[in-house]
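Trainee: There's a structure below that I have some questions on.
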Amino acid sequence: MGTKVLITGGAGYIGSHACVALLAEGYELIVLDNMSNGSPAALARVRKITGKVFDVVEGDIRDAELLDNMFSSQSIGAVMHFAGLKAVGESCAEPLLYYDVNVGGTLNLCQVMREHGVGNLVFSSSATVYGDPATLPIPEDHSLNPTNPYGRTKKVVEDVLFDLVSADEALNKPFWHIAVLRYFNPIGAHSSGLIGEAPHGIPNNLLPYIAQVAVGKLETLMVYGNDWPTEDGTGVRDYVHVMDLVEGHLSALKKLVRGGRHGCSVWNLGTGIGYSVLQVIRAFEQISGKAVPYEIVGRRAGDIAACWADPAKAKSELDWAATRSLEHMISDGWRWQSTNPRGYE
Ligand code: NAD
Ligand code: UFG
């Protein structure tokens, strides 16, 4: 088996943190990223944090020839597939682009993996595949009903991965070992403050928006509705520290490779605890010592009231549980934002 882990999307937010966690555990890496939302500077910082070197290929997951060359020339044994587009609003305006990158890019990757005999794959899915949950907390066998094109691309990829495994089952030696990880709301940053979330333009997500208000880049946070059926009327989410999240990837990879788990397994990666928008604002103000002025406005299209994980399956099968508190997430995220107010620019 190949010795390196290919990290697609390694120059992005979660991928760069995964690189740090993998290098710290002694894995060898190769990163593939087209830099559409990632930054070479993030990878330079990964090298600084870990003191380790690794190859970076700037290119697109849809480029079959490039992937074929990479798998021919490098000793790749497993893939963590983070590369993709993730903005819900943009996916509604540009569905073809989203299906092309997220679905087409993954088909291309799987095709080349198959041709080169590499069957170990950890895939970044999202809690968005559950849609508006019928029950809380959400277990992995909850029905899937994504409500936007981005979420549907994740669901289609999940379906494809299950179909690959079904086709495989007739074989004596099953080929695919796949982990589908459904992330809840990743936030925070590496404790060094050297890498973190650096969204291009105005952030869509709550935490980077709050951080940019606190640092003076944006004026006022818009809180999307205080009439949701939650304790204080604002939306409730399961925020999970990005380092906990990437440690979940390491546990999944070990299960697939060392544990020899074949087939396609799904695990939620969340804490199992929900916090409201107002609770997050208050915690952020306390930790940063900065005021976060906000205004209650109407609900955002496509939002849901509340969403949090049942993380029991990951605990029992991967021996993984998130350990970092909301305060820890905010404090690490604030260290990154306050020392890098312009991200990697
Ligand atoms: P990100 O945008 O920071 O990272 C994605 C990386 O993929 C970027 O560096 C980008 O340049 C790269 N990329 C995009 N299209 C590419 C292509 N065609 N070829 C090669 N590289 C390409 O996003 P992230 O937050 O790190 O998310 C990583 C993965 O996790 C994504 O698949 C996303 O859908 C999923 N996810 C993220 C969240 C979240 O809240 N951040 C939640 C659930 C799931
Ligand atoms: N919110 C605001 N103001 C903002 C941004 C967000 O009030 O400026 C509220 C939202 O209404 C929601 C909560 O803060 O109640 C969290 O919103 P985010 O946009 O940070 O996160 P979402 O739960 O809407 O979605 C995120 C990712 C999706 C992913 C999903 C589940 O954007 O891609 O988590 O993992 F699928």
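Trainee: Lys/Arg Cβ at +1, Asp/Glu Cβ at -1, dipole of the chain taken about the Cα centre: which of Gly201, Val112, Ile49 is farthest positive-ward?
Mentor: About the Cα centre, the residue reaching furthest to the positive side is Ile49.
Trainee: Here's a follow-up. Counting Lys +1, Arg +1, Asp -1, Glu -1, what net charge surrounds Gly274 among other residues with beta carbon under 13 Å of its beta carbon?
Mentor: Residues close to Gly274 contribute a combined charge of -3.
Trainee: Once R0 is set to 45 Å, what does the formula 1/(1 + (r/R0)^6) return for the Cβ-Cβ distance between Leu144 and Thr339, expressed as a FRET efficiency to the nearest 0.05?
Mentor: Efficiency computed from Cβ-Cβ geometry: 0.70.
Trainee: Return, ordered by residue number, the residues of the range 305-321 whose backbone nitrogen is under 16 Å from a label point located 7 Å along Cα→Cβ of Asp227.
Mentor: Within reach of a label on Asp227: 305.
Trainee: Taking a probe of 1.4 Å, how large is the accessible area per residue of the chain, in Å²?
Mentor: About 43 Å² of surface per residue is accessible.
Trainee: Defining a contact as two alpha carbons under 8 Å apart and six or more residues distant in sequence, what relative contact order in percent does the chain show?
Mentor: 19
Trainee: What does the charge add up to near Thr323, with Lys and Arg as +1, Asp and Glu as -1, over the other residues with Cβ less than 14 Å from its Cβ?
Mentor: Local charge sum for Thr323: -3.
Trainee: Follow-up. Mind checking the dipole of the range 129-288: about its Cα centre, +1 per Lys or Arg Cβ, -1 per Asp or Glu Cβ, Debye to the nearest 20?
Mentor: Dipole of the range 129-288, to the nearest 20 debye: 520 debye.
Trainee: Could you rank the peptides 282-293, 185-196 by their average count of other C-beta atoms within 10 Å per residue, with the highest value first?
Mentor: Output ranking for 282-293, 185-196: 185-196, 282-293.
Trainee: Here's another thing I want to ask about it. I'd like the carbon and sulfur percentage of the solvent accessible area for the chain, probe radius 1.4 Å, heavy atoms only, ligands and nucleic acids excluded.
Mentor: Exposed carbon and sulfur together represent 50 percent of the surface.
Trainee: Could you tell me, in Å, what Rg and Dmax come out for the Cα atoms of the chain?
Mentor: 19.4, 61
Trainee: Applying 1/(1 + (r/R0)^6) with R0 = 30 Å to the Cβ-Cβ distance of Met35 and Ser75, what FRET efficiency is obtained, to the nearest 0.05?
Mentor: 0.75
Trainee: How high is the relative contact order of the range 27-71, given as a whole-number percent (alpha carbon pairs under 8 Å, six or more residues apart)?
Mentor: Result for the range 27-71 is 51 percent.
Trainee: If you wrap a convex hull around the Cα atoms of the range 198-345, how much volume per residue is inside, in Å³?
Mentor: In the range 198-345, the Cα hull volume divided by residue count equals 138 Å³.
Trainee: Which one, Gly263, Val240, Leu250, is farthest towards the positive end of the dipole of the range 172-269 when Lys and Arg carry +1 and Asp and Glu -1 on their Cβ?
Mentor: Gly263
Trainee: Further question: Cβ neighbours within 10 Å, averaged per peptide: list 90-100, 294-304 in order, most packed at the top.
Mentor: Sorting 90-100, 294-304 by mean packing, highest first, produces 90-100, 294-304.
Trainee: Is there a pair in Lys154/Lys290; Lys154/Lys255; Lys154/Lys313; Lys4/Lys86; Lys290/Lys315 whose C-alpha atoms are over 30 Å apart, and which pairs would that be?
Mentor: Lys154/Lys290; Lys290/Lys315
Trainee: Follow-up. Net charge around Val88, counting only other residues with Cβ within less than 10 Å of its Cβ (Lys, Arg = +1; Asp, Glu = -1)?
Mentor: Surrounding charge for Val88 is 0.
Trainee: Over all distinct Cα pairs, what is the inverse of the mean 1/r for the range 150-258, reported as the Kirkwood hydrodynamic radius in Å?
Mentor: With all distinct Cα pairs of the range 150-258 included, I get 17.6 Å.
Trainee: So for each of 262-275, 62-75 I average, over its residues, the number of other beta carbons within 10 Å; can you give me the resulting order with the highest mean first?
Mentor: Ranked by mean Cβ neighbours within 10 Å, highest first: 262-275, 62-75.
Trainee: Summing -39500 (n - 2.57) over the DSSP H runs of n ≥ 4 in the chain and dividing by its residue number, what mean residue ellipticity at 222 nm do you reach, to the nearest 500 deg cm²/dmol?
Mentor: The helix contribution divided over the chain gives -11000 deg cm²/dmol.
Trainee: I need two numbers for the range 267-345: Rg to one decimal and Dmax as a whole number, Cα atoms only, in Å.
Mentor: 15.7, 43
Trainee: So for the pair Lys173, Glu219, with labels modelled 7 Å out along Cα→Cβ, what separation do we get in nm?
Mentor: It is 6.6 nm.
The values are calculated or read from the model by the stated rules, or taken from the named source; none is laboratory data. All of these numbers come straight from a predicted model, not from anything done at the bench. Cβ: placed from backbone, ideal geometry, glycine included. Neighbour counts: every protein chain shown. Surface areas here come from the heavy atoms of the whole protein model, side chains and all, with no ligands, DNA or RNA. Shrake-Rupley method; radii C 1.70, N 1.55, O 1.52, S 1.80 Å.
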